[in-house]
Amino acid sequence: MKYLTYGNKSGKTVMLIHGMAATALRCYEPLLGSLKDCHVVLAKVDGHIPEDPSALTSLSDACDEIERYIRDELGNEVWCLGGFSMGATMAAEIAGRGRIKLSKLFLDAAFLVDMGPILSRVYTGMFCFFIEWIKKGRKVPGPLLDRVMGKGNRSIIDMLYRGVRPETIRNVCRYVYRYHIPGRNKRFCRRYPLPIRQP
């Protein structure tokens, strides 16, 4: 894991975790200008770092590392912890553990529902196939893109980190497609209400 820091170090700390098959800067660089009064920390998740081509082996271990960074480097407190897609699931996991202090939790397109063993395997295979397809410069048909990535969601194409390895994608999918909100406890859901819209 690596970290990028921006903004005002004496301001409120905002930590953001990027999405799967993207990089921290591709995901969040457009927001940095509007967060210049904050101390912004971008987490660079293993397997998504251009200067380190190794694959991610465990998203759970990555959550542990981010939690350790918050404890050791940020006094165990952030004002806002947020993430997009994979990063949002990681943010929910870290917040749900209840070991760090935070005031705001921002989740964008989080995976928070266990898809079950069969559907998760199907979607993992499809996602891996589409990532390799896109990396080769091929166009993914719109209806298939909508089905796998979500209707109108081109972010996977626009933010794609072409150096991501298939092992990283498989390991992330295994985690996020079978994810459970931490402990399924009432305290987590009461403190961080998660509005989930049904299709």
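We did not get these values from a lab; they are worked out from the coordinates using the rules stated. Please read all numbers here as calculations on a predicted model, not as lab measurements. Every residue, glycine as well, gets a Cβ built from its backbone with ideal geometry; the counts of neighbours run over all protein chains shown.
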Magnitude of the Cβ-charge dipole (Lys and Arg +1, Asp and Glu -1) of the stretch 1-52 about the Cα centre, nearest 20 debye, reported as 200
Taking 165-172, 126-133, 15-22 and ranking on average Cβ neighbours within 10 Å, highest first, one gets 15-22, 165-172, 126-133
PRE zone check, label point 7 Å out along Cα-to-Cβ of residue 109, amide N under 15 Å, scope the stretch 1-22, hits 17-22
Links exceeding 26 Å between C-alpha atoms in this model, out of 2/135; 2/139; 44/104, come to 2/139
Subtracting the Cα-Cα distance of residue 101 and residue 119 from 0.36 nm times their residue separation yields 3.0 nm
One finds, for residue 1 and residue 157 with R0 = 25 angstrom and r their Cβ-Cβ distance, a FRET efficiency to the nearest 0.05 of 0.45
Here the percent of antiparallel bridges among DSSP beta bridges lying wholly in the stretch 1-122, to the nearest 5, is 30
In debye to the nearest 20, the charge dipole size for the stretch 2-191, taken about the Cα centre with +1 at each Lys and Arg Cβ and -1 at each Asp and Glu Cβ, equals 580
Expected sort for 106-116, 48-58 on mean C-beta neighbours within 10 Å, highest first, is 106-116, 48-58
For the stretch 35-49, in residue order, the Karplus 3J(HN,Hα) values (coefficients 6.51, -1.76, 1.60; θ = phi - 60°; whole Hz; Gly and Pro = x) are 10, 5, 7, 9, 8, 9, 10, 9, 7, 9, 6, 3, x, 10, 10
Taking the alpha-carbon centre of each part, the distance from the stretch 17-78 to the stretch 161-179 in Å is 16
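From the helices alone, meaning DSSP H stretches of at least four residues, give me the mean residue ellipticity at 222 nm for the chain, per-run term -39500 (n - 2.57), in deg cm²/dmol to the nearest 500.
On the way: 8 runs with 80 residues, N = 199.
When only DSSP H runs of four or more count, the value is -12000 deg cm²/dmol.
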